[in-house]
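Undergrad: Structure provided below as structure tokens; questions to follow.
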Amino acid sequence: FINRISDLLGPIIDLLNPEKSGNRLLREVFFLQTFLTHNLDKLLDSGLYTGEITELTGSPGSGKTQVCFSVAVNISHQLKQTVFYIDTKSGMCANRLLQMLQTKTPNMEEQMEALQKIKVFRVFDVFSLLACLQHLRSNGLQKASVGGGSVKTLMVDSVSAVLSSMLGGKQNEGMSLLMQVAGELKMIAKDFNIAVLMTNHVTKDGNGHLKAGLGQSWSHVPRTRVLLQRVEDTETSSLRTATLTKSSRQACHLVEEFDLCHWSEERRTSISGKRKLEERSKP
């Protein structure tokens, strides 16, 4: 009987104890709507999930960085949240981010506010990547959450750029560094309940099929993995396919098609359509 009363009063006691209630909320999993395309959002089961790691894989030019840019812009502009972006291959382009923001709002103040919420860290080897992750975990994320609003996303583009070369020679040292990076990313995702999005290169298996790089040990790091590929084998094509190769929520091998130009033409198309409507309505 006493246990029954305790069970009934438990939720009420939790509400009266904000610290305990807050800790419980921190452990809950939320998804961040990525506002990409309908097809990509569907593939990601509505978005990125906090406390988890999502990985984009693909060959050079498959669109991994462009998808990361779009996610960063959408989270900073539409969700008003801070994004930490670790750039390991000097691929970050502020002008490209601004172009994407201009498709979403003509307001320059809104554009600048969104840009300021994307914090970029440039690293050039695995040791500086580890140092950056350790800094963020020890105090960087806490300071940003207090001073610059909520931090819900960490991006690493790309992990393979600094890890793959370490696995070719001194295997033991390279594997140790790989697992250290994996551990830091997992701790950041779990301890701060944020979504981690990273990119990885691809290799081919014995049958010539594409597979994610960094080996079997790394395959256990991401909770969700998406393979990006060109639809047409030409450099000028902007069409891509996204294949879900690992997921705990949806059936694997789901394939969706999307266009990289979508994020550049979204507002342009909207404005064009509005102008046509206005022209038709003129007497």
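Undergrad: Would you check which residues across segment 49-73 are farther than 15 Å from V156 by Cβ, of a type in the set (V, I, T) and surrounded by fewer than 23 Cβ atoms within 10 Å (Cβ to Cβ) and list them?
TA: T50
Undergrad: Within segment 192-230, can you find the residues that are touching a residue at least 24 places away in the same chain (Cβ under 8 Å) and among the hydroxyl-bearing types (S, T, Y)?
TA: T199, S217, S219, T224 - these are the residues of segment 192-230 that are touching a residue at least 24 places away in the same chain (Cβ under 8 Å) and among the hydroxyl-bearing types (S, T, Y).
Undergrad: Ok, one more. In segment 82-91, is there at least one residue being surrounded by fewer than 21 Cβ atoms within 10 Å (Cβ to Cβ) and under 16 Å from the mean Cα position of the chain (by Cα)?
TA: Among the residues of segment 82-91, at least one is surrounded by fewer than 21 Cβ atoms within 10 Å (Cβ to Cβ) and under 16 Å from the mean Cα position of the chain (by Cα), which makes the answer yes.
Undergrad: I'd like to verify a number: residues in segment 103-136 that are among the β-branched types (V, I, T) and buried (at least 16 other Cβ atoms within 10 Å of the Cβ), how many?
TA: 4
Undergrad: Still on this structure, please answer the following. Suppose we filter K276, K186, K170, K211 for residues that are at negative phi, modelled with pLDDT of 95 or more and not β-branched (V, I, T); which single one remains?
TA: Selected residue: K186, the only one of K276, K186, K170, K211 that is at negative phi, modelled with pLDDT of 95 or more and not β-branched (V, I, T).
Undergrad: Here is a further query. Could you look through segment 183-197, keep only residues that are part of a helix (DSSP H, G or I) and in contact with a strand residue (DSSP E or B) (Cβ under 9 Å, 6 or more places away or on another chain), and pick out the one that is surrounded by the fewest Cβ atoms within 10 Å (Cβ to Cβ)?
TA: K186
Undergrad: Answer yes or no: is there a residue in segment 151-167 that is modelled with pLDDT under 90, surrounded by 13 or more Cβ atoms within 10 Å (Cβ to Cβ) and either assigned to a loop (DSSP other than H, G, I, E, B) or under 15 Å from the mean Cα position of the chain (by Cα) (or both).
TA: yes
Undergrad: Output the number of residues of segment 215-238 satisfying the condition of being modelled with pLDDT of 90 or more, of a type outside the set (D, E, K, R) and over 19 Å from the mean Cα position of the chain (by Cα).
TA: The number of residues fulfilling the criteria is 3.
Undergrad: How about segment 203-222: which of its residues are buried (at least 19 other Cβ atoms within 10 Å of the Cβ) and either assigned to a loop (DSSP other than H, G, I, E, B) or in contact with a strand residue (DSSP E or B) (Cβ under 7 Å, 6 or more places away or on another chain) (or both)?
TA: Passing the criteria: A212, L214, V221, P222.
Undergrad: Scan segment 83-109 residue by residue and report those that are touching a helix residue (DSSP H, G or I) at 6+ places or on another chain (Cβ under 7 Å), farther than 21 Å from L197 by Cα and part of a helix (DSSP H, G or I).
TA: Q99, Q102
Undergrad: Can you tell me which residue in segment 190-208 is nearest to the chain's Cα centre (by Cα), limited to those that are modelled with pLDDT of 95 or more and closer than 17 Å to C132 by Cβ?
TA: Taking the candidates together, the pick is L197.
Undergrad: Let me ask something else. When you check C261 against the structure, is it free of Cβ contacts under 8 Å to residues at least 24 places away in the same chain and more than 22 Å from V159 (Cβ to Cβ), yes or no?
TA: yes
Undergrad: Any residue in segment 52-75 that is acidic (D, E) and in a loop (DSSP other than H, G, I, E, B)?
TA: Yes, the conditions are met somewhere in segment 52-75.
Undergrad: Among the candidates L32, L36, single out the residue that is modelled with pLDDT under 90 and part of a strand (DSSP E or B).
TA: Unique residue meeting the criteria: L32.
Undergrad: Does N107 qualify as being touching a residue at least 12 places away in the same chain (Cβ under 8 Å) and farther than 27 Å from W218 by Cα?
TA: No; evaluated as a whole, the condition is false for this residue.
Undergrad: From the list E232, E256, exactly one residue is buried (at least 18 other Cβ atoms within 10 Å of the Cβ), over 16 Å from T54 (Cα atoms) and not hydroxyl-bearing (S, T, Y). Which is it?
TA: So the residue among E232, E256 that is buried (at least 18 other Cβ atoms within 10 Å of the Cβ), over 16 Å from T54 (Cα atoms) and not hydroxyl-bearing (S, T, Y) is E256.
Undergrad: Here is a further query. State the number of residues belonging to segment 69-102 that are of a type in the set (V, I, T), more than 18 Å from Q33 (Cα to Cα) and touching a Lys or Arg at 6+ places or on another chain (Cβ under 6 Å).
TA: 0
Undergrad: With respect to the numbered conditions (1) touching a helix residue (DSSP H, G or I) at 6+ places or on another chain (Cβ under 7 Å); (2) at pLDDT 95 or above; (3) not polar (S, T, N, Q), which one is the sole condition not fulfilled by C132?
TA: (1)
The values are calculated or read from the model by the stated rules, or taken from the named source; none is laboratory data. Everything numeric in this text was worked out from a predicted model, so none of it was measured. Backbone-built Cβ (ideal geometry, glycine too); neighbour counts: all protein chains shown.
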